[in-house]
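As structure tokens, the structure follows; a few thoughts come after it.
The values are calculated or read from the model by the stated rules, or taken from the named source; none is laboratory data. Worth saying up front: this structure is predicted, and the values here are computed from it rather than measured. Cβ coordinates were reconstructed from backbone atoms using ideal geometry, including for glycine residues, and neighbour counts include every protein chain displayed. With ligands, DNA and RNA removed, areas are computed over all heavy atoms of the protein, side chains included. Shrake-Rupley method; radii C 1.70, N 1.55, O 1.52, S 1.80 Å.
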Amino acid sequence: MERETSAFQRIYTRLFQLTKATVSLKATGIGNEELAIVDGRLAQVVKIIGEMVTLQVFAGTEGIATNAEVVFTGKAPALRVGEDLAGRFFNAYGEPMDGGQILGQEREIGGPSVNPVRRKQPSELIATGIAGIDLNNTLVTGQKIPFFADPDQPFNQVMANVALRAKADKIILGGVGLTNDDYLYFKHVFDNAGALDRIIGFINTTENPPVERLLVPDMALSAAEYFAVEKQEKVLVLLTDLTLYADALSIVSNRMDQIPSKDSMPGSLYSDLARLYEKAVQFPDGGSITIIAVTTLSGGDITHAIPDNTGYITEGQLFLRKDSDVGKVIVDPFRSLSRLKQLVIGKKTREDHPQVMNAAVRLYADAANAKTKLENGFDLTDYDERTLGFASAYSEKLLAIDVNIDIDTMLETAYELFREYFSPAEVGIKQVFVDKYWKKEAATAAE
Amino acid sequence: MKTKGKVTGIIANLVVVETEGTAAQNEICFILHGDSRLMAEVIRITGNKVYVQVFESTRGLKIGTDVEFQGHMLEVTLGPGILSRNYDGLQNDLDKMEGVFLKRGDYTAPLDHERKFAFTPLASVGDKVEAGIWLGEVKENWMPHKIMVPFTFKGEYVVKEITAAGEYCIDDQMAVLTDESGRDHVVTMVQKWPVKVPIRAYREKPRPFRILETGYRVIDTLNPMAEGGTGFIPGPFGSGKTVVQHNLSRNAEADLVIIAACGERANEVVEVFTEFPELDDPRTGRKLIERTTIIANTSNMPVAAREASVYTAMTIAEYYRSMGLRILLLADSTSRWAQALREMSNRMEELPGPDGFPMDLPAIISNFYSRAGIVYLNNGETGSITFIGTVSPAGGNLKEPVTESTKKAARCFYALSQQRADSKRYPAIDPIDSYSKYLEYPEIAEYLNSTIADNWTDNVLEAKDILLRGKETYEQINILGDDGVPLDYHLKYWKSELLDFVILQQDAFDPIDQRCPLDRQHFMLDQALDICRKEFEFESFEEVAPWFKEVINLLKQMNFAEFNSEDFERYGKLLADKLTEREAKAEDEDEKAA
Ligand SMILES: Nc1ncnc2c1ncn2[C@@H]1O[C@H](COP(=O)(O)OP(=O)(O)OP(=O)(O)O)[C@@H](O)[C@H]1O
Ligand SMILES: [Mg+2]
């Protein structure tokens, strides 16, 4: 790796202390959060007490000797941004994997926040074709939302589909501890769709050192800010998997002897994650950053500090679940929530959307109750039986992640299912909508 | 001469400064980093080492950087022009900042120094006055804004000059006051006050004696909030804390609402910026934004300023309380403030308390809550701050330090339940676990019984009892099965469901239902209790649910209709018919049986 050297750089060769992730040495004139190269590895200043400077070494300190060369760069971590980022993949340090150069200017990553009064309230719907999302948990540009999923669920596939259908000007993939297979999968899918020119990837795979991961989201989001602010583009950022990001944070804070809070996570986890997620924004001039992330769970436990803090930050969450009755992965309608959906449903979509959505989920809940009854050995009523029939069909035709239809078709499909299993009174949507959208001949048949 | 010092240590936003001069706890200083001045607050002093928390990012900061101490604590600027503003946690006017991104060290003036206000004097030459006494009045939006003797003035003063009615800027001289030693002091429309010190320019702080109407049935009817009272809303993520607070800010019977967005989402503040200028204040018909001030320290803004933001909001509330106004102060979320304290205490390597929070967290929280209250001002008028904070418990588990400390400090507990939120029973305030201590205050009970109805508090307790019994029978039915329990259990259960659907649940997004005034709450509780008190006859348990569902539906339609409108009356009539029909059936059967 070649780096510029300049007259301002100071070189030191006496390390005072080493831990697995940090080194300390005596140095003067050093800026907080400045980058340095320790024995050829990138490091960042995390603490200065008098002349004692502590550096976090992203690639780990294995094999670094006390006489290793330390070169301070005088700069905070930065990314070169420009139009030619598009269509390329980078490592965690923002260096092109194709070995080429970026022509643009250098930007510090992890920069300041958008002034809240310069934001616009999000109001533009993102259509994904997946009814579990568009119908029940509608997404909006400028939103931040994670998939809460067990590691074996196909979240990366769903995310790739969402990204391709989202009509974004740029898709930025932040691979945080991505397996090499998943990295190649993303590349392959984007390539097949002929979308590679809209894609930018910052990739840290499981083969790379874990602390390096800490740079990836900031790199991805700095690139996103460039396109959203300066080019007024609609940018979609995919961050997978932020659980591994949080794990890396805890490694570093642990090495620095900080007092851990819940689940061995640093006490600042909420602020650390919020700093990333809050980069999601809608600007008045049309530029936007939407963040779709992945938070893997262990054993479905959402009270663990990582998903818990995430839930307090994001605007909803999407749960995937295998529905064994229909043998498909579905978007769980009970636990998933898009908090920004009310900004668009019934406004940007057909007027009856909110009512149809609620009615279907309520009937699905009735089916869940019927199932419990059945399991507890109680008798089912005729209504119970019908809800069970409805639930299977609803799961298969709307909730499954392989669905790809437009929102009007989703609404029509919902009515078809309503008509097949229920009377209008049982569905309980407003009479005006029944009159308008519940097809005439079918309505009489159901009565 | 200002004390000077130099930076000798940097750990994130904790900076160590060495100085030969004097420094005070909580004193403000500026770190002169390049072209920008980074504001910081002293949080600990050991020998000549002063530990300061910086309200900004410390990126690039170097050892040896100059520091200038200011000789005062963190202050807010108080004067006309605060209403409708969007401030950050340090009272910088966000609208005055240039550019899309917040620039570090960019501090903007909280008030407009050029704007003219129409002044009317209230005091006369020769009047004896003290801190907080009203000297005059200007109109701020529609609100009478009092120009007061500054709170820092100690002892008695005589009004030597008072400015005649007219249009003035905030820095103009409004009065000249002579102190006991004969010295003259000029008073303008502006004064400053340190945020961590309560403003105590009032005669007395009595126990709260009347309630603050919020428009929420589950609050006003079942767990009333006192004017000048305190309450908190704990709940797991997504259970509806912010929706409840936003609705309180729209509908509560307050003269003025201050929202401290403390470490939460920027988009939620944007919602207020966007919607409040359009929405009508139901009480005055003016725009809601006119009575609202926002202190925004969203989760991506500097953490140290998050702690300051709640104090900034409280001090502004105290200032307006001194004008004899009713203030509603909302903070979302106080857990983020506690976390900011934890981060700092962690960096200072203090001995941690439970979950790593500082040992004195309970004291800090209770001190803060104690600044709320209704007061008799020195001129005999009342003013009040009602404070409601949200708490975001880790993992949704209420056995954690912030919830437990807040429970000791606040008198109302509005617990949001995950289960209710999941089943979309909004607002998800748990009817059994939640409480208002004010309901036990004899003066509040008397107030309720004399303003609403003689037997009001009895009725409220009866409703709570029905809800509790409903919950118990529900558990029985679940264990024993629908036909394994006596029919009466189904009735008990459905009566509690009726109260749940008609009184507890309320649609926050429906233009009518979102705000239910007290007279209407009185009417609906009477209606619901009337039904609950009746004995109905059913052949089998299968008849119970459908019948109650119909009754509930009619009552809900009433909730959605304009009070006493034609529609409302029509549903009322349908309901009455439904009830008589059921009673008649019962009588028929009684006769048959006889
Ligand atoms: N009264 C209500 N009526 C209808 N929907 C509601 C209501 N309250 C909450 N919701 C739904 O729940 C979502 C989350 O509510 P809210 O943002 O108030 O939760 P919160 O408790 O503040 O969560 P967090 O702790 O993450 O900030 C809303 O976006 C809305 O979809
Ligand atoms: Mg909230």
- [ ] Quick one: compute the contact order of chain B, relative version, from alpha carbon pairs under 8 angstrom and 6+ residues apart, as a percent.
- [x] 12 percent
Open item on the list: Need the per-residue list for the stretch A:306-323: every residue with at least 20 Å² less accessible surface in the complex of protein chains than in the chain by itself, probe 1.4 Å, sorted by number.
Closed with: A:D308, A:Y312, A:E315
TODO: Report, in debye and to the nearest 20, how large the dipole of the protein assembly as shown comes out about its Cα centre when Lys and Arg carry +1 and Asp and Glu carry -1 on their Cβ.
DONE: 3300 debye
Open item on the list: Between B:E98 and A:T66, what is the label-point separation in nm under the 7 Å Cα-to-beta-carbon projection?
Closed with: 5.3 nm
Open item on the list: So the label point goes 7 Å from the Cα of A:Q17 along Cα→C-beta, right? Which residues of the stretch A:44-64 then have their backbone N under 13 Å from it?
Closed with: A:46-56
Task: the stretch B:456-593: relative contact order as a whole-number percent, Cα under 8 Å and 6+ apart - done: 23 percent
Open item on the list: Can you give me the orientation-averaged projected area of the convex hull built on the Cα atoms of chain B, in nm²?
Closed with: 31.4 nm²
Task: Semi-axis lengths (Å, descending) of the ellipsoid that matches the C-alpha gyration tensor of chain A - done: 49, 23, 17
Open item on the list: Give me P(r) over the protein assembly as shown, computed from all C-alpha to C-alpha distances, binned every 10 Å, as integer percentages.
Closed with: 2, 10, 18, 22, 20, 14, 9, 4, 1, 0, 0, 0
Open item on the list: Take the residue pairs A:K120/A:K341; A:K120/B:K96; A:K234/B:K424; A:K144/A:K348; A:K26/B:K62; B:K437/B:K492 and return only those whose Cα atoms are more than 23 Å apart.
Closed with: A:K234/B:K424; B:K437/B:K492
Open item on the list: In Å², and per residue, what accessible area does the stretch B:20-137 have when probed at 1.4 Å with the other protein chains present?
Closed with: 41 Å²
Task: Loop sites in the stretch A:231-332: trypsin sites (Lys or Arg not before Pro), DSSP, at most 14 other Cβ within 10 Å - done: A:K231
Task: Principal-axis tilt of helix A:407-421 within chain A, Cα atoms, nearest 10 degrees - done: 40 degrees
Task: Cα-based helix-to-principal-axis angle, A:180-192 vs chain A, degrees rounded to 10 - done: 60 degrees
Task: Residue-averaged beta-carbon neighbours from other chains (10 angstrom radius) around B:99-106 - done: 5
- [ ] Taking the Cα centre of chain B as origin, work out the dipole magnitude from +1 charges on Lys and Arg Cβ and -1 charges on Asp and Glu Cβ, in debye rounded to 20.
- [x] 2620 debye
Task: Where only C-alpha atoms are counted, convex hull volume of the stretch A:246-350 per residue in Å³ - done: 141 Å³
TODO: Within the stretch B:405-486, list the trypsin sites (Lys or Arg not before Pro) lying in a DSSP loop whose Cβ has at most 14 other Cβ atoms in a 10 Å radius.
DONE: B:K424
TODO: Find how many whole Å separate the alpha carbon centroid of the stretch B:301-317 from the alpha carbon centroid of the stretch A:269-312.
DONE: 24 Å
Task: Sparse-neighbourhood loop sites, chymotrypsin sites (Phe, Trp or Tyr not before Pro) in the stretch B:473-554 - DSSP loop, at most 15 other Cβ within 10 angstrom - done: B:F509
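What's the buried accessible area, both sides, between A and B using a 1.4 Å probe, rounded to 100 Å²?
The summed interface area works out to 4800 Å².
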Task: ³J(HN,Hα), Karplus 6.51/-1.76/1.60, whole Hz, each residue of the stretch A:212-221, x for Gly, Pro - done: 4, 4, 4, 7, 4, x, 5, 4, 4, 6
- [ ] Express in nm, to one decimal, how much length is gained between B:C169 and B:T77 on full extension, taking 0.36 nm for each residue of separation and deducting their alpha carbon distance.
- [x] 31.6 nm
Task: the protein assembly as shown - mean residue ellipticity at 222 nm from DSSP helices (-39,500 (n - 2.57) per run, n ≥ 4, rounded to 500) - done: -10000 deg cm²/dmol
Task: Added length on full extension, which subtracts the Cα-Cα distance from 0.36 nm per residue, B:E587 to B:E569 - done: 3.8 nm
Open item on the list: Given a 1.4 angstrom probe, what's the average accessible area per residue across chain A, in square angstrom?
Closed with: 39 Å²
